[in-house]
């Protein structure tokens, strides 16, 4: 897909006797530098594999922040750039929509959020609705549908679209940081109730002299051990 896009843009540029100059606003430092550098390598490899094309890729580091994105966009404007790849995250893209000259560039967004985008932004990610509908089609209506989501803007959009598309949810569990996931998982699986019930059952079985009951005790204790291990790994 990226190769096809770059090839067509290059053909259009060559028809005007120009090379294609692509600016890439990416998080090459900061919290998301690993992701940003992987994407940059992908762009570079894609361009390398396109033979007989005249493309120059110019990376601009946004330091994984909105302020860094605004600075990177100002830096980008000091050079001739025909099209802009990025930013990766929608919040960073939206942070520059009010900047002077924003509308003069075509942006290829790597986000799959296509809600309320300016007309000069083309989304390159997989459409959010198609992902939700594809997921919904694999779940039987009789199954319980629980969803775990953080408090990010993207998760809020997902929950909003699920509600608009009218996909019934049994429960939704939201967390503000990963440390809360374990407790939310306990709530979703009624872990505390089931754990207490198992402990009571084990206590009763231990009073029995029946060998089958003692075998059940060992089996239930092993089950509890693995459940505790699994819930603490979240």
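To keep it simple, each residue is scored yes or no on (1) at pLDDT 70 or above; (2) within 26 Å of residue 195 (Cα to Cα); (3) assigned by TED's automatic domain parsing to the domain that holds residue 227; (4) touching a helix residue (DSSP H, G or I) at 6+ places or on another chain (Cβ under 6 Å).
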site	(1), (2), (3), (4)
119	yes, no, no, no
134	no, no, no, no
155	yes, no, no, no
163	yes, no, no, no
169	yes, yes, no, no
173	yes, yes, no, yes
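Would it be correct to say that residue 18 is exposed (fewer than 15 other Cβ atoms within 10 Å of the Cβ), modelled with pLDDT of 85 or more and not in a helix (DSSP H, G or I)? Show your work before the answer.
Values: exposed (fewer than 15 other Cβ atoms within 10 Å of the Cβ): yes; modelled with pLDDT of 85 or more: no; not in a helix (DSSP H, G or I): yes.
Considered against the rule, which asks whether it is exposed (fewer than 15 other Cβ atoms within 10 Å of the Cβ), modelled with pLDDT of 85 or more and not in a helix (DSSP H, G or I), residue 18 comes out as no.
Taking residue 232 as meeting all but one of (1) in contact with a helix residue (DSSP H, G or I) (Cβ under 8 Å, 6 or more places away or on another chain); (2) within 30 Å of residue 111 (Cα to Cα); (3) at pLDDT below 80, write down the number of the exception.
Only one criterion is unmet by residue 232, namely (2).
So which residues in the stretch 200-213 are loosely packed, with under 13 Cβ neighbours inside 10 Å and either touching a residue at least 40 places away in the same chain (Cβ under 8 Å) or assigned to a helix (DSSP H, G or I) (or both), if there are any at all?
200, 203, 204, 206, 211, 212
The values are calculated or read from the model by the stated rules, or taken from the named source; none is laboratory data. Given the structure is predicted, the values throughout are model-derived calculations rather than measurements. Here the Cβ is made from the backbone with ideal geometry for all residues, glycine too, and neighbour counts use every protein chain on show.
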